[in-house]
Amino acid sequence: MKTLWFSLYKVVSMKKRFLAGLLSAAVTAALLTSCSGDGAGNQGTDSYMQYITKEDLKADMEAGGSYIMLDVRISEDYDEQHITKSYSADVDPSVNHFQNDTATTNIKNALSKATGSEAGNIDSKIVIIGYTGEQYAETATNLMINMGIPEENIYTLEGGINGWAEAGDEY
């Protein structure tokens, strides 16, 4: 009888270890998958980024401006300093608070002000102005692609507002 109980104990113990290992593997896989995002609420979205230089943007503005400029920085920073004829489209709710819906609404509102349509015009070329042309611009790009805006119509200002400001008074 003692041997039977010992054998049952070993079988139960092995099953527990197996289940614990299986659970551990599942949790690890889930964590790795959830950490594959960019920290800006864009889990699993591959960014398509193309850039425009401040020189090219300035030349376009002087020629009448064919780009819609969306400043995706925090709205208070936009209020302090922004490029003329740009629209505030704060994506900070997505970058720092994982609130993609709020950031998407901000983009739609800015596009509506610029074009009369929340999706912009299908042929509109959009320049995203972030702080440096990186995290905020990448988040905005992903959100706009998810809105159905063609990725080839989305440009990021190289260097962002910081690069624009460093160019001096001529910009």
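The values are calculated or read from the model by the stated rules, or taken from the named source; none is laboratory data. This is a predicted model, so every value here is computed, not measured. FYI the Cβ positions are ideal-geometry reconstructions off the backbone, even for glycines, and counts take in every protein chain you see. Note: accessible area is taken over every heavy atom of the protein model, side chains too, but ligands, DNA and RNA are not part of it. Shrake-Rupley method; radii C 1.70, N 1.55, O 1.52, S 1.80 Å.
Structure above, values below:
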quantity	calculated
Computed magnitude of the charge dipole of region 57-152 (debye, nearest 20; Cβ of K, R +1, Cβ of D, E -1)	260
Shape of region 64-171, Cα gyration tensor, a/c cut at 1.5	oblate
Distance in nm between pseudo-label sites at Asp77 and Tyr51 (7 Å out along the Cβ direction from Cα)	1.7
Area of Asp56 that stays accessible when all protein chains are in place (1.4 Å probe, Å², to 10)	90
Cα shape, region 55-125, gyration tensor, a/c 1.5 rule	oblate
Electrostatic dipole magnitude of region 61-104 [Cβ: Lys, Arg +1; Asp, Glu -1; Cα centre; debye, to 20]	200
Note, ³J(HN,Hα) from phi for region 72-86, Karplus 6.51, -1.76, 1.60, rounded to Hz, x at Gly and Pro	9, 6, 4, 4, 5, 5, 4, 4, 6, 7, 7, 7, 3, 6, 9
Value of relative contact order over region 115-157, rounded to a whole percent, pairs C-alpha under 8 Å and six or more apart	53
FRET efficiency for Ala119 and Thr84, using Cβ-Cβ distance with R0 set to 30 Å, rounded to 0.05	0.80
